[in-house]
Amino acid sequence: MTRVLVVEDEPQIVRALVINLRARKYEVDAAYDGASALELAAARHPDVVVLDLGLPDMDGVEVIRGLRGWTRVPIIVLSARQASDEKVEALDAGADDYVTKPFGMDELLARMRAAVRRAEPVAPEGDSVVTTDDFTVDLAAKKVNRGGTDVRLTPTEWHLLEVLVRNSGRLVGQTQLLQEVWGPAYHKETNYLRVYLAQLRRKLETDPSHPRHFITEPGMGYRFEP
Ligand code: CA
């Protein structure tokens with residue numbers, strides 16, 4: 001059962017969330033201010049936090065910072081304000097996603113499911129070393145070796161490579177890649193993917209214009225073939 005912590009000071013919204021979430025078999029705790037949110041989170045260890053940014057005792061961003069001091073629990077921010085500055089601040093502080101009020105329950109539920117799914121630990125795939133004909137990726141050591149030489153990757157290139165390699169043989173959607181590597185605010189920046197995939201191919205493929213390992217699925221995403 002997924003445990004949700006709802007942090008919100010407007011009783012009608014809390015009520016609607018509690019009814020809808022419980023109807024879908026979520027276990028729900030509610031906090032009406034930041035201090036009780038931090039206490040409840042520590043006591044109950046929720047699987048996902050839904051957090052209003054405008055709280056009576058402190059800014060929601062402070063709650064995010066408080067949580068991020070000790071937990072990686074997914075945090076979805078509810079923001080009534082149109083100011084994108086605040087969303088950016090919340091995401092920078094460690095929120096995973098945001099929904100703007102007034103929100104549709106279906107949208108919030110979909111965001112929650114996605115956040116919980118992303119947070120699930122990747123099953124250890126036995127060997128953390130993936131070998132292809134052209135190069136070797138050591139996920140644990142965070143190293144790529146090609147022809148006996150370590151290939152230098154930037155942190156972003158590495159992160160992208162890591163997500164693709166961990167999903168070896170599977171299509172990874174553009175949105176998922178953007179969100180995992182760059183963050184939720186970048187889910188539409190598909191040009192980033194084109195640029196960074198081109199760099200990975202240039203560094204790792206024998207013939208970058210005819211890639212054998214970093215395959216584009218047009219309009220959908222990318223697939224790593226060992
Ligand atoms: Ca509020």
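The values are calculated or read from the model by the stated rules, or taken from the named source; none is laboratory data. Values in this document were obtained by computation on a predicted structure and should not be read as measured data. Cβ atoms come from the backbone with ideal geometry, glycine included; neighbour counts cover every protein chain shown. The area values use the complete protein model at the heavy-atom level, side chains included, leaving out ligands, DNA and RNA. Shrake-Rupley method; radii C 1.70, N 1.55, O 1.52, S 1.80 Å.
Where both residues lie in the chain, what percent of DSSP beta bridges are antiparallel, nearest 5?
Here the antiparallel bridges make up roughly 50 percent for the chain.
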Rounded to the nearest 10 Å², the accessible area of F103 at probe 1.4 Å: 50
Built amide H within the under 5 Å cut-off of L53, gap 5+: L78, A80
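Starting from the alpha-carbon convex hull of the chain, give the projected area averaged over all orientations, in nm².
13.7
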Residue-span extension gain [D9 to R194] - 0.36 nm each, minus C-alpha spacing: 62.3 nm
Phi-based couplings in Hz for the stretch 206-212 (Karplus 6.51, -1.76, 1.60; Gly and Pro marked x): 5, 10, x, 7, 10, x, 9
Cα long-axis angle, helix 155-166 against the chain (0 to 90 degrees, to the nearest 10): 90
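How long are the three semi-axes of the equivalent ellipsoid of the stretch 3-119, in whole Å, if each is the root of 5 times an eigenvalue of the C-alpha gyration tensor, listed from largest down?
Numbers: eigenvalues 64, 51, 43 Å².
Equivalent ellipsoid semi-axes, largest first: 18, 16, 15 Å.
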Under Karplus coefficients 6.51, -1.76 and 1.60, residue-wise ³J(HN,Hα) of the stretch 10-15 in Hz, glycine/proline x: 8, x, 5, 5, 4, 4
Derived scalar couplings ³J(HN,Hα) [the stretch 42-52; Karplus, 6.51 cos²θ - 1.76 cosθ + 1.60; whole Hz; x for Gly, Pro]: 5, 7, 10, 6, x, 8, 7, 10, 10, 10, 6
Beta bridge orientation in the stretch 3-119: antiparallel %, DSSP, nearest 5: 5
Distance (nanometres) between label positions extended 7 Å along Cα→Cβ at K203 and S36: 4.9
Extension gain (nm, one decimal) between F103 and I215, 0.36 nm per residue minus Cα-Cα: 36.6 nm
Listed residues G183, G60, G169, most fluctuating in the chain (Gaussian network, C-alpha, under 10 Å): G169
Amide hydrogen neighbours beyond the local backbone of G221, cut-off 5 Å, H modeled: Q174
